[in-house]
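The values are calculated or read from the model by the stated rules, or taken from the named source; none is laboratory data. What you see is a predicted model, and the numbers here were worked out from it, not measured in a lab. Using ideal geometry, Cβ is built from the backbone for each residue, glycine included, and neighbour counts are taken over all protein chains shown.
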Amino acid sequence: MAPCVFCAIVRDEAPASVVCRRPAALAFMDIRPWRRGHVLCVPTRHGPRLGDLPADDVAAVFALARDVTAAVRASGLPCDDVNLLVNDGPAAGQTVGHLHVHVVPRVRGDLWRALAIGPRRLLPPVPRAALDADAARLARALDGQSV
Ligand SMILES: [Zn+2]
């Protein structure tokens with residue numbers, strides 16, 4: 001079985017711009033963001049699809065996604081609203097076989113641009129330092145919440 005990059009991130013064996021680390025869930029910046037502030041929330045336990053994981057792990061991931069959503073809104077990053085998205089299996093567009101919830105900040109009117117050119121081309125590659133800075137900003141916003 002091929003090594004899982006998200007498991008490597010969970011074990012701190014691969015680089016990531018971590019926003020929040022909890023016992024059953026981890027949030028980090030997507031290295032190919034659809035929008036600035038795009039965060040992935042993953043369970044610390046490996047499982048490709050929602051149905052492969054215990055309900056408690058799924059609940060922990062979605063609770064973290066809820067808190068990250070609030071943090072994105074409070075962070076000052078461009079964000080009018082937020083998409084939360086799970087691609088549950090390869091035919092649904094899942095490219096890493098470890099469950100992840102996309103938290104994608106959205107700005108009014110950006111859908112038309114996304115439809116015209118495709119989400120992957122909206123932003124150029126983001127340097128690690130910029131991802132780290134946004135992760136720190138979101139972590140501060142997350143710490144400011146009464147969770
Ligand atoms: Zn994994």
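Summary table
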{"read-out": "Checklist (1) within 16 Å of the ligand (Cβ to nearest atom); (2) more than 21 Å from residue 130 (Cα to Cα); (3) out of contact with any strand residue (DSSP E or B) (no Cβ under 6 Å at 6 or more places or on another chain) applied to residue 12, failing item", "value": "(2)"}
{"read-out": "All positions within region 25-58 that are farther than 17 Å from residue 5 by Cα and over 15 Å from the mean Cα position of the chain (by Cα)", "value": "50, 51, 52, 53, 54, 55, 56, 57"}
{"read-out": "Exclusive hit being exposed (fewer than 15 other Cβ atoms within 10 Å of the Cβ), more than 16 Å from the ligand (Cβ to nearest atom) and not basic (Lys, Arg), set 51, 37, 76", "value": "76"}
{"read-out": "Criterion violated by residue 17 - all others in (1) modelled with pLDDT of 95 or more; (2) within 16 Å of the ligand (Cβ to nearest atom) satisfied", "value": "(2)"}
{"read-out": "Residue check, residue 58 farther than 24 Å from residue 137 by Cβ and within 16 Å of the ligand (Cβ to nearest atom)", "value": "yes"}
